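Student: Structure below; questions to follow.
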Amino acid sequence: MHDTLAGLTRLIVLVTREQDRPITADSRFEALGNWSSMTALRLLTLIEQRWGIALDLREYFAIETVGGLLDAIARASGAEPSLIPEH
Amino acid sequence: MSPDEVLERLTLLTRPDAAPDPAVLAALDGLDTPDGTSVLVEAGRLLADVPAHLVCDADRPPRPLRVAVAATFTAESVAPLLRLFLLRAGIAAELHVCPFDQAEVQLADPGSGLAAFRPDVTLLLLHDEALLPDDWDPAEPASLREPLHRRLATLERAIGGFTGRSPGTVLSHTVPLSRAEQRSVISYRDRAALGRVWRELNGAMLEMPERHASVHVLDFESLLTGHPGALRDDRLHRFAGMAWSPGVEALYAREAAAFCRAVAGLSRKVLVLDLDDTLWGGIVGDDGPGGIQLGPLYPGNAYVELQRRVRSLRRQGVLLAVASKNDADLVDQVLAGHPGMLLRAEDFVMRMVDWRPKDGNLRLAAESLGLGLDSFVFADDSRFECDLVRHALPEVAVVRLSGDPATHAARLLEHDHFAVLATTAGDRDRTGLYRARADRRRSAESFTSAEDYLHSLGLRVTLRRADDYSVPRLTQLGLRANQFTTVKGAHSEAGTRAFACSPDHLLLGFEVADDFAAEGIVGGVWIARRPGRWLIENFVMSCRVLARGVEYAALQGVIDRALAEGVSTIEADFRPSGRNHQAGEFYHAAGFRRAGDDRLALPLTPRPRLLPAWVELINEEDTVHA
């Protein structure tokens, strides 16, 4: 779980180029610099390719904090492998 | 290098005080996997903020190119991926992305942002929804024919208008029909009808280059058959209007980058092949000529297949060479007599069969062919040899042919290193021409002076105004010549065509023949005719005829024509590119002197006498020009 947080944080810094404030599980996406729906989609693609999962967009856009996203990744990669799209 | 490390290093490069890190670009190749596209996109975004000199070798500055992306849908990732792939191919692109969904308007409107950007290449990205009527009747797929036809005609008018006003090139593509559209027709008969009308649309698209010289079409529908993922991610499509999944965007960007490379004249020209376990299976030194794997059965047939593909490259003008650590006699035996060989000794311009390091051999090959190492592709099964060449000669493209030989042919062609906009009849004879050149070198050894030798060749240079037959070859020379060109990239494909037809311009081609071979058109001169003064905008010559005085003979022909029209001074532009110093030295030796920033001038009184004593100049009368 800790590795996932570190990896996720790196991805968030990458898409937002947030340099000034540290990102924690409590960080709210809306409060990050450069956060927009396009940034959110870039982050989504990075997450899905990195962890081999597919998230429901309604659920994804309802997530407010980094910790909430971490939970969603854990749920998708652990409990519900059926969400991985078939190629 | 892990993805995180690559991105970390790229992030550092975006800082104002960043130190150069040329290794990072090559590391990105390792991330180019179906699951790695999102990382590549982010790398491409970071690269937008990295000055090119920080990631490129100082002695090989990237070439500039203006590339526009005009899409009927949201294609956010195409531009960053293009930036990355182009930089990898030696091109520092200036990118312009049109507002999405405005592709056609931007093409059609002479005052659009796209027109103002003046792109060298415009990439037109289309998706099925932009072409299909909203309410088409799945029970009557044939009724789509007419509206699709009209839709394409409108699009073609916009493209034609744009290329008529702008000198750049447009790349369109065949459009894949999404699975949902196909599946929404339930009868097999009507599905076939739908497939038919859709292929008619794509077929008409593929005909566009026949009608518009500056339009090219990528057969994207065919390319997608090798793509592992889905065309569309329905979530991203519905949410953000993205019609292509990230993997498809990457596939497109890769193909578009190869196209841009061809436009920029950076296509590779020489393929250097290893022999053992590359061109045949096994080690001829150990197994003997009879023991190598080469024939109708697996795995021998995989090597035959590779040879077949290599032979087709040769037939389209790619020069082949051998670099093998082997006993030359054994290799000669196989090349001459093995019944399974498709390639024979005469298919190769050079054979470097010895025990010397391959990087040195490649360097020698480049020198004796008069071509830059950046036009070489090296294919070998050995990790050692591949790493050696990659390290010692980073400008050479390396293809490692390891693992199952059945995959080798596809791997060799995968990166489209040799792609060009068009091939000409002369390409088919290129191997022969370069071989004749090697023979000439051997013959030179028996003469006491270079001049004796040149006199013995019986050189004839013919200078002739460009016509419909020679314009394609001159266009190609203009794009491909890297060393003997006075202004690299002076004229685009369309620019050269326009040049040939304009009364204020004169496009001359020159041919060389000697007692060994007729080389066909080896150079061209792009001249703007002004009253009393001519300006040579570009002077291009193939390096294979260097050191024979051919360029002086051609210039003499230009001077004589100018004098006949009462011209008193010939001016010429020379722009150093780092590679074209020979062309600059030529102007200087011919008597041109500096007359401005990139401008040189040569007074025509007294008449300059540049024709070498060993060359016969045939300055052909212009036939009536339509």
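The values are calculated or read from the model by the stated rules, or taken from the named source; none is laboratory data. Predicted model only: the values in this text are computed from it and were never measured. Don't worry about glycine lacking a Cβ; one is built from the backbone with ideal geometry, like all the others, and counts go over all protein chains shown.
Student: Being among the aliphatic types (A, V, I, L, M) and touching a residue at least 40 places away in the same chain (Cβ under 8 Å) is the filter here, so list the residues in the stretch B:138-179 that pass it.
Tutor: Once the filter is applied, which keeps residues that are among the aliphatic types (A, V, I, L, M) and touching a residue at least 40 places away in the same chain (Cβ under 8 Å), the stretch B:138-179 yields B:Ala139, B:Ala142, B:Leu144, B:Leu148, B:Leu152, B:Leu155, B:Ala158, B:Ile159, B:Val170, B:Leu171, B:Val175, B:Leu177.
Student: When both residues are 6+ apart or on different chains and their Cβ atoms are under 6 Å apart, which pairs have a first residue that lies in the stretch A:68-87 and is over 15 Å from A:Leu57 (Cβ atoms) and of a type in the set (S, T, N, Q), and a second that is at pLDDT 90 or above and surrounded by 13 or more Cβ atoms within 10 Å (Cβ to Cβ)?
Tutor: Taking only residues 6 or more apart or on different chains, the pairs are A:Ser77/A:Trp51; A:Ser77/A:Ile53.
Student: Test B:Ala366 against the stated conditions and say whether it is farther than 21 Å from B:Ala419 by Cα and part of a helix (DSSP H, G or I).
Tutor: no
Student: Checking A:Thr4 against (1) within 9 Å of chain B (Cβ to nearest Cβ); (2) of a type in the set (Ser, Thr, Tyr); (3) within 25 Å of B:Val6 (Cβ to Cβ), which test does it fail?
Tutor: Checking A:Thr4 against (1) within 9 Å of chain B (Cβ to nearest Cβ); (2) of a type in the set (Ser, Thr, Tyr); (3) within 25 Å of B:Val6 (Cβ to Cβ), the one that fails is (1).
Student: Can you tell me which residues in the stretch B:14-71 are of a type in the set (Lys, Arg) and more than 14 Å from every other protein chain (Cβ to nearest Cβ)?
Tutor: Selection gives B:Arg60, B:Arg63, B:Arg66.
Student: Right, here's the next one. Would you be able to tell me the number of residues in the stretch B:485-512 that are within 26 Å of B:Thr431 (Cα to Cα), surrounded by fewer than 23 Cβ atoms within 10 Å (Cβ to Cβ) and at pLDDT 90 or above?
Tutor: 1
Student: Something else about it: Check every one of the strands (runs of 3 or more DSSP E) wholly within the stretch B:540-626 and list those with 2 or more residues that are in contact (Cβ under 8 Å) with a residue 40 or more places away in the chain and surrounded by 12 or more Cβ atoms within 10 Å (Cβ to Cβ).
Tutor: B:569-573, B:615-619
Student: Is it true that B:Arg232 is free of Cβ contacts under 8 Å to residues at least 12 places away in the same chain, within 14 Å of chain A (Cβ to nearest Cβ) and either surrounded by fewer than 19 Cβ atoms within 10 Å (Cβ to Cβ) or part of a loop (DSSP other than H, G, I, E, B) (or both)?
Tutor: no
Student: A further question on this structure: What do you reckon, is B:Ala43 in a helix (DSSP H, G or I), free of Cβ contacts under 8 Å to residues at least 60 places away in the same chain and crowded, with 23+ Cβ neighbours inside 10 Å?
Tutor: yes
Student: Sticking with this one: Is at least one residue of the stretch A:63-82 of a type in the set (A, V, I, L, M, F, W, C) and modelled with pLDDT under 90?
Tutor: Yes: one or more hits.
Student: Now for a different question. Would you mind stating whether A:Arg58 is within 14 Å of another protein chain (Cβ to nearest Cβ), more than 25 Å from B:Leu31 (Cβ to Cβ) and either at pLDDT 90 or above or not in a helix (DSSP H, G or I) (or both)?
Tutor: yes
Student: Only one of (1) at pLDDT 95 or above; (2) loosely packed, with under 14 Cβ neighbours inside 10 Å; (3) not polar (S, T, N, Q) fails for B:Asp128. Which number is that?
Tutor: (2)
Student: When the residues of the stretch B:49-76 are narrowed to those that are under 24 Å from the mean Cα position of the chain (by Cα), in a loop (DSSP other than H, G, I, E, B) and of a type outside the set (Val, Ile, Thr), which ends up surrounded by the most Cβ atoms within 10 Å (Cβ to Cβ)?
Tutor: Here the residue is B:Pro62.
Student: Would you call A:Ala25 within 12 Å of chain B (Cβ to nearest Cβ), surrounded by 12 or more Cβ atoms within 10 Å (Cβ to Cβ), over 10 Å from the mean Cα position of the chain (by Cα) and assigned to a loop (DSSP other than H, G, I, E, B)?
Tutor: no
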